[in-house]
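Peer 1: So that we are looking at the same thing, I have put the structure below in C-alpha cells.
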Amino acid sequence: MTRIAAKFADLKSQGKSAFVSYIMAGDPDYDTTLAVMNGLPGAGVDIIELGAPFTDPMADGPTIQLAGQRALDGGMTLKKTLQLVTEFRKTDDTTPIVLMGYYNPIYSHGVDAFLVDAKAAGVDGLIVVDLPPEEDSELCIPAGKAGIDFIRLTTPTTDERRLPTVLPNTSGFIYYVAITGITGSGSASPETVGREVARIKQSTDLPVCVGFGIKTPQDAAAMAAVADGAVVGSAIVQKLADGDSVETVLDFVKDLADGAHSA
Amino acid sequence: MATDMFNSLMNGPDEQGRFGDFGGRFVSETLMPLILDLEAEYEKAKTDPTFWAEMDDLWKHYVGRPSPLYYADRLTQEFGGAKIYLKRDELNHTGAHKINNVLGQILLARRMGKTRIIAETGAGQHGVATATVCAKFGLKCVVYMGAHDVERQAPNVFRMKLLGAEVVPVTSGRGTLKDAMNDAMRDWVTYVDETFYCIGTVAGPHPYPAMVRDFQSIIGKEVKTQIMEAEGRLPDSVVACIGGGSNAMGLFYPFLDDKSVRIIGVEAGGKGVNDRMEHCASLTGGRPGVLHGNRTYLLQDDDGQILEGHSISAGLDYPGIGPEHSWLHDIGRAEYVSVTDTEALDAFQLSCRTEGIIPALEPSHALAHVAKIAGDLPSDHLLVMNMCGRGDKDIFTVARALGWDMSTSDA
C-alpha cells in the first residue's frame, strides 16, 4: 500500500478527515523549509504538499508567487527540492509527500530521470498544475508506472461532461479547487463545496480533499466536515513571509490541523 | 491532389494542438473546458461564410485592408541587390497588424456571449487594438501590461485609456510581456464565465496558435495576390520580425508549401545572443520547454526556470515564440536569425530617411536583416518584408537611445 493510501485508511479507521499543508521548498531558505517539514507531522499534518518553485506560477496568487520568488532568489532548484524530501525521509517514512508545481522544471530535468529521482527521494504524489488530462502522456501515465500518484485538480468548471475525462488516470486523492481563481484568493461556502464533493464522489472511490481559500482553523473544520480533507497553503506561507519563527508557524499549523480533525 | 494535401505543411496542428512536438494544451483544469468551448466555436466559425463575410467587411471598412504592397525603390537602391517590397501593415487602423487578429477573436467572443475581454500587451499595440475593437462593440476591456512597458510605451497606455479600457500595470516578475500574460491567465481563471482572453500572438494553448495564425494569414494571402499583380510571380524571400511571431506567421503561412520561397524570421538579438541572455532570441538562444499553455523554444536556465530576455523593442521582449515557428525551425522550412538593438536602431533611421516611413522598432529588426542580405542577392530577387507596425509609439525610446532630449527638443 502506498503511503497516501495507508494514510487515508488510517484516518478512515479513526473517523477523521485529513489535514494537508502546503509550504514552498526553499522559502525563505533550505534549512528553514527542512525544519518546518520535520515539525509538520508532529503538528498534526497528515500529508505534506511541497511546492517546487517556478518563475511563472500562473495559477498562484501573490503570496505563493512571492514565496517562489524568494526560494529561487535563494538558489532553490528542483534537485534541491528532491534533496529536502530525501533528508525528511531519514526521520519520517510514513508521512506522504506530494510535490506541487509546474511542468517546465520537470520537463527540463527529463521526465524519466525526474521520476527515478523523485521515487528514490521518497516522493509519493505529484500535482502539476499545467498538465490537464489532455496531456496525460507527458507525465501522468509515466508517473503511474513509476509508482507515483498523479493527483488531479478538479474545479467548479469540471462539470458532469468533463468529470469522466478528469478522473481516469488520477490516483492518491482528488484535489477539489473550491473556487475559480488563484491560490490565496476568495473562498467558497461549505454548502456549495459539500455538494460538489458529493457529486465527484459519485464517480470515484478516491478521497476528495478541498483547497483554495481556506485560511483559519474554522475554515479548515468547515471544509473537512464536507470532504475527506482540507488543504491550507497561502495562510501558512504568509506566516513564513511575515518572518514568524518555525515554532510560531508550527503552532499555527497545529491550530489548523486541530480544526480539520475536529470535523 | 490527395498526396499534396497529405504532404502539405499547412495541415497543422493535429487534434491535440501539436505542430510536431510543439504546441499542446498545458493549462490548469479550470481553463480546460473554456479552451475546448473556444475550439468548438472556432471550428464552427471557420466554415461559416457569415463569419468571414463579417470579417471581410470589417477588414475592408474598419481596418483599411488590403494594405498596400509597396515597392521600396530607394531602399532597393541603397542595398544594391534584391528588389525590396514592403507589406504596409503599419497603415492598418491602430498602426499595426495586431487588429487583424483582434477582430476575429472579438467576433468569436460575441458569438460565445462573452461580455468582458482581457488581453496582455507588450508594446501596447495589441492592447490598443483590443481596446479599439472593444470600444466599437461596446465590450468591457481590461489590458494587462508589464509595469516596465507601461513606462516605456506611455503613448499607447494613454490611447488605451482614451478608448475606455482599464490598463492594469503588472509588477510581478520583471514587469514585461511574460508577466502580463501570467496575470491575464490569473484573471481568466478567476472570471471564467464572462471573460474571453484575446491573446495577441500565435502562442498560448491550442487553439490560439492556429486561430491567431489563421486571422493573421490575411497578410500573406494579400501578398500572394499583390506580388502576382506586380511581378507576375511569387516572391523569392519573405522576411518578418518575431517576438511571439504573429505577423511572421501571418506572412509565412500561405507560402509554406511554395518551396521556392525562402522564409526568414528575425528575432530580437538585444545586446547580442550571449550567455548572459541579454536578448529575446528563443530559437537561436533557447531550448524547448513549456510555458503559457504550449511547448516551444524558451529562454530558460538549467533548472527550467524562465529567463527574462532583453530587447529595445517592447513588442519582441518575450522569452518564448509561437509553437509553429519552433516546428518550422526544427524541420528547416524557415530560417531564424537575430539582429541586435543597435542594428535595429540603424534600420529604423534608414527607413525614415530613405522611404519616409517611420517604422516600429519591431519591423526595424526585420529591415536590419534585409539590410544584411539584400546586397548579396541578384537584382531579380523579389524580397517581401512585413512592415508590421508604425513607429509613432517608439519615438521616445528611439530619442533616448540616440541621446535626444525630448523635453528641450528645439536643439
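Peer 1: Suppose each label sits 7 Å from its Cα in the direction of the beta carbon; what would the A:A9-B:K259 distance come out to in nanometres?
Peer 2: Once both label points are built, they end up 6.3 nm from each other.
Peer 1: Moving on to the next point. Do any cysteines in chain B lack another Cys Cβ under 4.7 Å, and if so which?
Peer 2: B:C198, B:C241, B:C280, B:C352, B:C388
Peer 1: Could you check what % of the DSSP bridge pairs in the protein assembly as shown are antiparallel, to the nearest 5? Numbers along the way, then the final one.
Peer 2: Details: 15 of 75 bridges.
Roughly 20 percent of the beta bridges in the protein assembly as shown run antiparallel, per DSSP.
Peer 1: Also, quick follow-up: Rounded to the nearest 500 deg cm²/dmol, what is the calculated helix-only ellipticity per residue at 222 nm for chain A, with -39500 (n - 2.57) per DSSP H run of length n ≥ 4?
Peer 2: Computed mean residue ellipticity for chain A: -13500 deg cm²/dmol.
Peer 1: Tell me the Kirkwood radius of region B:91-142: reciprocal of the mean inverse pair distance over distinct alpha-carbon atoms, in Å.
Peer 2: Working: mean 1/r = 0.0919 Å⁻¹.
It works out to 10.9 Å.
Peer 1: Once phi is turned into ³J(HN,Hα) by the Karplus curve 6.51 cos²θ - 1.76 cosθ + 1.60 with θ = phi - 60°, what whole-Hz value does each residue of region A:33-41 show in order, with x for glycine and proline?
Peer 2: 4, 5, 5, 5, 4, 4, x, 4, x
Peer 1: Hey, for a label at B:F137 modelled as a point 7 Å past Cα toward Cβ, could you say which residues of region B:213-248 have their backbone N under 19 Å away?
Peer 2: Inside the label zone: B:213-218.
Peer 1: Right, next: Within chain B, what percent of beta bridges assigned by DSSP are antiparallel, to the nearest 5?
Peer 2: On the way: 15 of 48 bridges.
So the antiparallel bridges amount to about 30 percent of the total.
Peer 1: Tell me, what does the Kirkwood hydrodynamic radius of the protein assembly as shown come to in angstroms if you use every pair of distinct C-alpha atoms?
Peer 2: 26.0
Peer 1: Let me ask you something else. Going by the alpha-carbon gyration tensor, a ≥ b ≥ c the square roots of its eigenvalues, is chain B rounded (a/c under 1.5) or, if a/c is not under 1.5, prolate (a/b greater than b/c) versus oblate?
Peer 2: Rounded.
Peer 1: According to the square roots a ≥ b ≥ c of the eigenvalues of the Cα gyration tensor, what is the shape class of region B:140-269, taking rounded for a/c under 1.5, prolate for a/b larger than b/c otherwise, and oblate for the remainder?
Peer 2: prolate
Peer 1: Are any of the pairs B:K60/B:K221; B:K87/B:K259; B:K83/B:K259; A:K7/A:K215; B:K44/B:K87; A:K90/A:K254 more than 26 Å apart by Cα-Cα distance, and if so, which?
Peer 2: Too far apart for the 26 Å limit: B:K44/B:K87.
Peer 1: Oh, and also: According to a simple spin-label model (label point 7 Å from Cα along Cα-to-Cβ), what is the distance in nm between A:E191 and A:S137?
Peer 2: 4.6
Peer 1: For a quick check, take a GNM of chain B with Cα springs below 10 Å and name the residue from B:M185, B:M385, B:M112 with the largest mean-square fluctuation.
Peer 2: Its mean-square fluctuation being the largest, the pick is B:M112.
Peer 1: In terms of the Cα gyration tensor, with a ≥ b ≥ c the square roots of its eigenvalues, is region B:121-168 rounded because a/c is under 1.5, prolate because a/b exceeds b/c, or oblate?
Peer 2: prolate
Peer 1: Calculated from DSSP H runs of 4 or more alone, at -39500 (n - 2.57) each and per residue, what is the 222 nm mean residue ellipticity of chain B, nearest 500?
Peer 2: It lands at -12500 deg cm²/dmol.
Peer 1: So, one more: Could you point to the residue in A:L34, A:G101, A:G229 farthest towards the positive end of chain A's charge dipole, with +1 and -1 charges on the Cβ of Lys/Arg and Asp/Glu respectively?
Peer 2: A:G229
Peer 1: Taking springs between alpha-carbon atoms closer than 10 angstrom, which of B:P68, B:P209, B:P49 fluctuates most in the Gaussian network model of chain B?
Peer 2: Residue with maximal mean-square fluctuation among B:P68, B:P209, B:P49: B:P49.
Peer 1: Quick one: Karplus J couplings for region B:80-91, per residue in order, coefficients 6.51, -1.76, 1.60, θ = phi - 60°, nearest Hz, x for Gly and Pro?
Peer 2: x, x, 4, 7, 9, 10, 10, 7, 8, 6, 6, 8
Peer 1: Note down the nm distance, to one decimal, between modelled labels 7 Å out along Cα→Cβ at B:T171 and at A:V246.
Peer 2: Reported label-point gap for B:T171 and A:V246 is 3.2 nm.
Peer 1: If you build a Gaussian network model of chain B, linking Cα atoms that sit under 10 Å apart, which residue out of B:G95, B:G127, B:G113 swings the most?
Peer 2: Greatest mean-square fluctuation among the candidates belongs to B:G113.
Peer 1: Between A:N38 and A:D159, what FRET efficiency comes out of the Förster formula 1/(1 + (r/R0)^6) with R0 = 35 Å and r the beta carbon distance, rounded to 0.05? Mind dumping the intermediate values first?
Peer 2: Details: r = 41 Å, r/R0 = 1.18.
My answer for the efficiency is 0.25.
Peer 1: Where the convex hull is taken over the Cα atoms of region A:3-262, what is its projected area averaged over directions, in nm²? Please report the intermediate quantities before stating the final value.
Peer 2: Details: hull surface 47.7 nm².
Hull-based average projected area comes out at 11.9 nm².
Peer 1: Enumerate the amide H contacts of B:R116 below 5 Å, restricted to partners 5 or more residues apart or on another chain; note that Pro and chain-start residues carry no placed amide H.
Peer 2: B:F196
Peer 1: So, counting K/R as plus one and D/E as minus one, what does the shell of residues with Cβ under 14 Å around A:D219 add up to? Mind showing how you got there, number by number?
Peer 2: On the way: positive: A:K215; negative: A:E191, A:D255, A:D258.
The answer is -2.
Peer 1: By the scheme Lys and Arg +1, Asp and Glu -1, what is the net charge of all other residues having a beta-carbon under 12 Å from that of B:L108?
Peer 2: -2
Peer 1: If neighbour count is taken as other Cβ atoms inside 10 Å, put B:R25, B:R116 in order from fewest to most.
Peer 2: B:R116, B:R25
Peer 1: May I ask for the distance between the Cα centers of region A:205-263 and region A:85-141, given as a whole number of Å?
Peer 2: A separation of 23 Å, based on Cα centres.
Peer 1: So if I take the centroid of the Cα atoms in region A:18-64 and the same for region B:262-333, what is the distance between those two points in Å?
Peer 2: Between the Cα centre of region A:18-64 and that of region B:262-333, the gap is 32 Å.
Peer 1: What FRET efficiency do you get for A:S203 and B:T284 if R0 is 56 Å and r is their Cβ-Cβ distance, rounded to the nearest 0.05?
Peer 2: It comes to 0.70.
Peer 1: Here's something else I'd like to know. For B:T296, A:T170, which order do you get if you count the other beta carbons within 10 Å of each Cβ and list the fewest first?
Peer 2: A:T170, B:T296
Bear in mind these aren't lab numbers, they're just calculated from the coordinates by the rules spelled out. The shown structure was predicted, so the numbers you read here are calculated from the model rather than taken from an experiment. Every residue, glycine among them, receives a Cβ derived from its backbone with ideal geometry; neighbour counts consider all protein chains shown.
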